[in-house]
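Below is one structure; the comments refer to it alone.
The values are calculated or read from the model by the stated rules, or taken from the named source; none is laboratory data. What you see is a predicted model, and the numbers here were worked out from it, not measured in a lab. In this analysis, Cβ positions are derived from the backbone assuming ideal geometry, glycine residues included, and neighbour counts consider all displayed protein chains. Keep in mind that these areas ignore ligands, DNA and RNA; they rest on the heavy atoms of the full protein, side chains included. Shrake-Rupley method; radii C 1.70, N 1.55, O 1.52, S 1.80 Å.
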Amino acid sequence: MQIGLCTISNRDASVDAVIREAGEAGYDGVELWGEDHVGDGDPETCRSIRETAREAGLEIPVYGSYLRIGAPDFDETVERELEVADRLEADLIRVWAGSQEYGDHDDDHWNRAVADLERTSRLAADRGLGVTVEKHANTLTNDGEGARRLVEAVDRENCRLNWQPAFSMAPDALTAEARDLAPLSNNVHVQAVPERGSRDRCPLEDAFFDLEELLDIFADAGFDGFVNVEFVDDDRPYRRAIEADLTYLRRISS
């Protein structure tokens, strides 16, 4: 299990600065924020990012795009976003699962999302890329059933979930969901709050849920992707925060 840092964890810094910080702190890779840190993903920007990561000794496991399956502009954006992921030499492209929550969705939106995700996965495979579907509120993967059904409906080896602990869920529910979805996941995001439902981020070590137990579940399921620190505690200097979270993750995942 390798440990990465999402560059969105420091929106105020340049992508080069975040990559260098991640390398100096000892991370294995960086997941690139697909908005301000990559922009329109032109060849020169992507080349520069690749070189900076290489100099820092880091992999680029994920291009964190905002490609949204089921969206009206999907057909206009899918090829462009896959090209950006290719230029970055990322292993995975992250995508978003529509704009309706599972259980409150209509059939047309579901069917369009499945068709779009199948197409994305097929085109990604042609480029040697994997697809990771963000598990998130306000999408078709807002709960475990929707996430499972979507991935199983597409049924392609290169299409899996980007799982992350939801702060609205009780610890035992998170454990049950992790057991169910770990075999369907190829990427993990982690961040923490001290109490269920809180919005105040804290060090991973102080999370209200048992992160060590969750990562053990993924390890037991044979997960071999990256665990990426998405956001960090804002009350400490950024460098100290990312180092502390990395140290903790190394300890509990070794």
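In table form, for the structure just shown:
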{"read-out": "Yes/no for Asp28 being of a type in the set (Asp, Glu) and without any contact (Cβ under 8 Å) to a residue 40 or more places away in the chain", "value": "no"}
{"read-out": "Residue in region 181-202 that is most open to solvent (accessible area, probe 1.4 Å), counting only those that are assigned to a helix (DSSP H, G or I) and touching an Asp or Glu at 6+ places or on another chain (Cβ under 9 Å)", "value": "Leu184"}
{"read-out": "Subset tally (residues that are out of contact with any Gly (no Cβ under 7 Å at 6 or more places or on another chain), polar (S, T, N, Q) and assigned to a loop (DSSP other than H, G, I, E, B)) for region 146-167", "value": "1"}
{"read-out": "Members of region 94-112 found to be over 21 Å from Gln164 (Cα atoms) and in contact (Cβ under 8 Å) with a residue 24 or more places away in the chain, listed by number", "value": "His105, His109, Trp110, Arg112"}
{"read-out": "Residue in region 36-43 that is in contact with a Lys or Arg (Cβ under 8 Å, 6 or more places away or on another chain), at pLDDT 95 or above and open to solvent by less than 10 Å² (accessible area, probe 1.4 Å) present", "value": "yes"}
{"read-out": "Failed condition for Glu205, given (1) closer than 19 Å to Leu58 by Cβ; (2) open to solvent by 60 Å² or more (accessible area, probe 1.4 Å); (3) in a helix (DSSP H, G or I); (4) not small (Gly, Ala, Ser)", "value": "(1)"}
{"read-out": "Filtered residue count, region 49-79, keeping only those that are outside any loop (DSSP other than H, G, I, E, B) and surrounded by 13 or more Cβ atoms within 10 Å (Cβ to Cβ)", "value": "19"}
